[in-house]
1. Taking Tyr49, is it of a type in the set (Ser, Thr, Tyr), surrounded by 12 or more Cβ atoms within 10 Å (Cβ to Cβ), touching a Lys or Arg at 6+ places or on another chain (Cβ under 9 Å) and under 23 Å from Glu13 (Cα atoms)?
2. Taking only pairs six or more apart or across chains, which ones have beta-carbon atoms under 6 Å, a first residue in the stretch 2-28 that is without any contact (Cβ under 8 Å) to a residue 60 or more places away in the chain, and a second residue that is of a type in the set (Lys, Arg)?
3. Report yes if some residue within the stretch 52-66 is free of Cβ contacts under 8 Å to residues at least 60 places away in the same chain, part of a loop (DSSP other than H, G, I, E, B) and of a type in the set (A, V, I, L, M); otherwise report no.
4. Any residue at all in the stretch 100-113 that is at pLDDT below 85, more than 20 Å from Leu6 (Cα to Cα), surrounded by fewer than 18 Cβ atoms within 10 Å (Cβ to Cβ) and more than 16 Å from the chain's Cα centre (by Cα)?
Amino acid sequence: MQEVILTADQLKEKLDYWQKRLRLQDWLIDLKITRKRDMEFDSQGECNYNLLKKMAVIRIVDSVDYDACAAFPQDMEWCLVHELLHLHFAPLHVERDDEAEEQAVDLISNALVTVARETNVE
């Protein structure tokens, strides 16, 4: 895996693409590149949502705060897809820290981004 760092404009283009691919066009999503110190959790991204209003705020950690010694390179597109997938799981969500949901979202987002890159479909 190689590092994928995107500008705010590039990330917005990816949001438009993935929102359509994942059929989340009915959601109003505010996407932000955020400093790690301003994130709620110690992660590469986070998604806060209001299910009834279908509104979400997705924050992706700013690349300046990424640990160069981390086990996996930073991939802002993968992180975006990961956070978007949480919106599909939102109606089933019982607890905020559901480890099974996190594992499923990781695997699905990895598969989707890998296939999209291999087929150059965008």
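1. Values: of a type in the set (Ser, Thr, Tyr): yes; surrounded by 12 or more Cβ atoms within 10 Å (Cβ to Cβ): yes; touching a Lys or Arg at 6+ places or on another chain (Cβ under 9 Å): no; under 23 Å from Glu13 (Cα atoms): yes.
For Tyr49, the condition - of a type in the set (Ser, Thr, Tyr), surrounded by 12 or more Cβ atoms within 10 Å (Cβ to Cβ), touching a Lys or Arg at 6+ places or on another chain (Cβ under 9 Å) and under 23 Å from Glu13 (Cα atoms) - is not met.
2. Within 6 Å, the pairs are Asp26/Lys54.
3. Taking every residue of the stretch 52-66 in turn, at least one turns out to be free of Cβ contacts under 8 Å to residues at least 60 places away in the same chain, part of a loop (DSSP other than H, G, I, E, B) and of a type in the set (A, V, I, L, M).
4. Checked against the condition, which is being at pLDDT below 85, more than 20 Å from Leu6 (Cα to Cα), surrounded by fewer than 18 Cβ atoms within 10 Å (Cβ to Cβ) and more than 16 Å from the chain's Cα centre (by Cα), the stretch 100-113 yields at least one hit.
The values are calculated or read from the model by the stated rules, or taken from the named source; none is laboratory data. Every value quoted in this text rests on a predicted model; they were computed, and no experiment measured them. No Cβ is skipped: glycine too gets one built from the backbone with ideal geometry, and neighbour counts run over all protein chains shown.
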